[in-house]
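Below is one structure, written out as structure tokens, with a few remarks after it.
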Amino acid sequence: MATKTTFFPVGNGDMTLIKLGDEAGTTILIDCNIRQAADGEDDDETRDVAADLRERLNCDAEGRPYVDAFLLSHPDEDHWRGGSRHFYLGPLKSYSDDKKADSEKRIVIREMWSSPIVFRRASKEHVLCEDAVAFNDEAKRRVKANRDGNFSVGDGDRILVLGEDEDGKTDDLDPILIKIDEMITQINGADAASFSAQLLAPLPGADEDMEEELTKNNSSVILNIELAVDDSGETAVRFLTGGDAEVGIWELLWDKHKGDPSVLEYNLLQTPHHCSWHSLSHDSWSESDGTAEVSGDARSALSQIRSGGKIVASSCPIKDDDNDPPCWGAKLEYEDIAEGADGTFHCTGEYPKEDDLAPMEFEVSESGFELQAVPKKKAKSSAAAGPAVLTSGLVKSWGSSGPARVEKEGGGRYA
């Protein structure tokens, strides 16, 4: 089994699953956006992404579906919608779904990956939704469990804290703290030979002006994830994901890493903020009448694509109109980046067809990420979870083939 990365069609939102090609089939889920009409409860044509997700997950010895790690890039509703409905938050000893049907059992999060900064930077203008409050409460519970247990805890209590908080609040969390530019080298406490990830953001506020700039979007977790085909650790490729990080953050990252742009290299990019123009420009696309300027530094940061690389917009279909996100102008920029590297641009809201969506699955191979054919269509239903397995995992190499630049494909619409 080879490592796979799956983008689910969730409209303007993110839900991305990495399933490693190790013996355990270790899973990492980045964000969740399961709309009410998309979890099998409503009789409509919305893709049942809840079932799509569940059929790709493993079950533990008690028959409980789980992800080995869950990363919340930032607490906007379109990145954690349906979270409290579909995921179990609390100590495993209190899990109460064992007698329910497999499709109704909440998914166990063995290890949470969360930044305290994104929650601290919430404001009156950027309030936390109910699901995000529940996630934050669970993160705090796990941090306390780690402190109380001298950082020796089990499944369901593990957490990685991504980035240092202000006023020394995370100074005593070294065993579970990942600082900016450090590597994540384990998943759920276990080494993973086919995985590693470098934490690039959220950036700490350097001054008062920076703090004003660092809203929830600009406090998004940015990871450059290195993946191998399997436990051999060979054929390492990179997946760059950055939540809703906007132009100012990408400018800062370019200024920081332009001396060694390999830090930003990728074979697969998830376009920030659902292909928004505001990840590439300080100007408004809809108000510019075609004169909006692209930030050269932000574009440089997002242009470190390797030969044959893929760029994916997790968004509604992209049309030539004033909507943002997704933005037609941003799509053109990403297509141009891809064209320079003999790569391709894709949109989840148009795959394989705008009126017949399916998860977009890429498999890691010797040549990079290969888009897989869409399986034969299944009837809308709640899928049972997979077989019980044990986790494994270690992080090894960080490097490989050099950068290039991207190809044209796609078209779309906002809905």
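Derivation of every value follows stated rules applied to the coordinates shown; laboratory data play no part. Since we're looking at a predicted model, the values are computed, not measured. Counting neighbours? That spans all protein chains shown, and the Cβs are built from the backbone with ideal geometry, glycine included.
Using modelled backbone amide H atoms (1.01 Å from N, in-plane), which distant-in-sequence or interchain residues come within less than 5 Å of residue 80's amide H?
32
How far is the Cα center of region 136-197 from the Cα center of region 90-106, in Å?
About 24 Å separates the Cα centre of region 136-197 from the one of region 90-106.
Summing +1 for each Lys or Arg and -1 for each Asp or Glu, what net charge is found among the other residues whose Cβ lies under 12 Å from the Cβ of residue 287?
Around residue 287, the surrounding residues sum to -4.
Of the peptides 59-65, 183-189, how do they stack up when ordered by the mean number of other Cβ atoms within 10 Å, highest first?
Result, highest mean Cβ count within 10 Å first: 183-189, 59-65.
Once you list every other residue whose beta carbon is under 13 Å from the beta carbon of residue 171, what net charge do they have if Lys and Arg are +1 and Asp and Glu are -1?
-3
At a Förster radius of 41 Å, what calculated FRET efficiency corresponds to the Cβ-Cβ distance of residue 127 and residue 171, to the nearest 0.05?
0.90
Between rounded, prolate and oblate, where does region 4-371 land on the alpha carbon gyration tensor, with a ≥ b ≥ c its root eigenvalues, rounded for a/c under 1.5, else prolate if a/b exceeds b/c?
Note, shape of region 4-371 comes out rounded.
Considering all projection directions equally, how large on average is the shadow of the alpha-carbon convex hull of region 299-377, in square nanometres?
5.8
Can you bin every Cα-Cα distance in region 49-117 into 5 Å intervals starting at zero and give me the percent of pairs per bin, rounded to whole numbers?
Taking all Cα pairs of region 49-117, the binned fractions are 3, 15, 28, 27, 16, 8, 2, 0 percent.
With no solvent and one equal point scatterer placed on each C-alpha of region 105-202, evaluate the Debye formula and give log10 I(q)/I(0) for q = 0.20, 0.23 Å⁻¹, two decimals.
-1.12, -1.37
Less than 12 Å Cβ to Cβ from residue 13, Lys/Arg counted +1 and Asp/Glu -1: what total charge do the surrounding residues give?
Computed value for this residue: -4.
Please give the Cα centre distance for region 216-292 versus region 1-20, rounded to the nearest Å.
Taking the Cα centre of each part, region 216-292 and region 1-20 sit 17 Å apart.
Treating only the Cβ atoms of Lys and Arg (+1) and Asp and Glu (-1) as charged, compute the dipole magnitude of region 4-371 about its Cα centre; round to the nearest 20 debye.
1280
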